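**Q** What follows is a structure written as structure tokens; I'll ask about it next.
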Amino acid sequence: MYRDSYDYYYLLGMSCLYTGDYSGAYSYLRRALDIEDNVNAMLGLGAVLLRRRQTDQALRTYLDIIDLDNHNHRARRALQWLRGLDSPEEALEWFESNRVRRILPPLGLFVPRWISVPGISAAIVGLIVILAPQIEPVVSELFAPADREGSELIAPDDSVGSLTTTPDQERFQFTPREAERLLNRVGDFFNDRRDNMVRRELNRIRLSNASDRIQERAEMIRSYLTEPDFTTLSDNFTYDEVSEDPALHAGVYVRWQGRIANLEVGEDAIVFDLLVGYQERRVLEGIVPARVQFAVLLENDQPVEVIGRVIPREGDPAFSLNVTSIRRMNPSELSPQE
């Protein structure tokens, strides 16, 4: 989840530095700098290099900082100290005396709680009393629920004419009143950003006797739906729900755990069979072909959790998954018997 996050690796690196884990600090700060050239990470790395007695590399790091920020007084102070060194061993004294903190990135200002809480509370109360008449309209407008882009497509519109056509061979056959309730349900899901439920109900419309105008609107709404990840997916569907009716769940996203089998790594994609529910080697709910179109290191029999888009097979009750997110499960997530 955080493999491309500069902040994540920077905080890890600085935490290691302050706790004396200089090997970890070096690795994490180097990774942070691979993602983004930032003077704070470079200051931390320079200190780690000094602690490792690599004064030549530390010197180059501080010079690089000056190139990026000519007024960085911490890098200039480090260069001044380095000029006075007779040997790399002398730099170790900076760590023992905490002098090194003067060339590390600033930690920020700490205000004691006994000062900050009463002072801030009093200031807030005073501002509310003075500014309440002026800020009330602004606050009301600020917190008013904003219409989601695309909401106009699900708003009531008398111009759509008849909501249904004469039933023929459609999977779902609605009366005009039932179609109206379905549209209202889609609108509620859409405005609540429950996109997975919207996808399923749009499929229900596609497989129904809804009028051509409603069918067109349904397809337009799809373009406003967003792809979920592990932090945003809601309304998951079970394997049994999807396998019972793949067409109704076409294009919806599912979040399933399982194990990898029959792994094949190709030039354009990685394919494998996901043994759904078998991550603890107890219950196998089903086997689903899965396809990954981005680089990731996987192994056969590896327990994983995936988010994938359901792809029904034409004329076949089976389906496959187009995997959009995948993570390797930790042993701590599995049962003790694993």
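Taken together, the values in this text are just the output of simple stated rules run on the coordinates, not laboratory data. No experiment lies behind these values; they were computed from the predicted model shown. Reconstructed Cβ throughout: ideal geometry from the backbone, glycine too, with neighbour counts over all protein chains shown.
**Q** Enumerate the calculated ³J(HN,Hα) couplings along region 75-87 in order (Karplus 6.51 cos²θ - 1.76 cosθ + 1.60, θ = phi - 60°), each rounded to whole Hz, writing x wherever the residue is Gly or Pro.
**A** Those phi angles translate into 5, 5, 5, 5, 4, 5, 5, 4, 5, x, 7, 8, 8 Hz.
**Q** Still on this structure, please answer the following. Go ahead and run the numbers for FRET between Val283 and His71, Cβ-Cβ distance against an R0 of 56 Å, rounding to 0.05.
**A** The formula returns an efficiency of 0.35 here.
**Q** Right, next: For Glu241 and Ile35, what does the FRET efficiency come to when R0 = 45 Å and r is the distance between their Cβ atoms, rounded to the nearest 0.05?
**A** It comes out at approximately 0.70.
**Q** Here's another thing I want to ask about it. Using Cα-Cα distances under 8 Å and only pairs 6 or more residues apart, what relative contact order does region 286-338 have, in percent?
**A** 38 percent
**Q** Mind checking the full-extension length gain between Gln293 and Ala269? Use 0.36 nm per residue of separation minus the Cα-Cα distance, one decimal, nm.
**A** Gain in length upon complete extension: 8.2 nm.
**Q** Using Cα centres only, tell me the gap between region 78-107 and region 1-50 in whole Å.
**A** 18 Å
**Q** Sticking with this one: Any chance you could run the full-extension gain for Arg171 through Gln57? It's 0.36 nm times the residue separation minus the Cα-Cα distance, nm to one decimal.
**A** Details: separation 114, 0.36 × 114 = 41.04 nm, distance 6.99 nm.
34.1 nm is the gain from fully extending Arg171 to Gln57.
**Q** Where does each of Trp81, Trp256 land when they are ranked from fewest to most other beta-carbon atoms within 10 angstrom?
**A** Trp81, Trp256
**Q** Work out from phi, with θ = phi - 60° and the Karplus expression 6.51 cos²θ - 1.76 cosθ + 1.60, the ³J(HN,Hα) of each residue of region 251-260, listed in order in whole Hz, and give x for Gly and Pro.
**A** After applying 6.51 cos²θ - 1.76 cosθ + 1.60, I find x, 6, 9, 10, 10, 10, 10, x, 10, 8 Hz.
**Q** With no solvent and one equal point scatterer per Cα, compute the Debye intensity ratio I(q)/I(0) for region 6-103 at 0.16, 0.19, 0.21 Å⁻¹ and report its log10, rounded to two decimals.
**A** One equal scatterer on each Cα of region 6-103 leads to -0.59, -0.85, -1.04.
**Q** Which length gain, in nm to one decimal place, applies between Glu216 and Arg3 when the Cα-Cα distance is subtracted from 0.36 nm times their residue separation?
**A** Full-extension gain reported as 72.7 nm.
**Q** To continue, here is another question. Applying a 10 Å radius around every beta-carbon, put 99-105, 38-44, 226-232, 286-292 in order of their mean neighbour count, most first.
**A** Output ranking for 99-105, 38-44, 226-232, 286-292: 38-44, 286-292, 99-105, 226-232.
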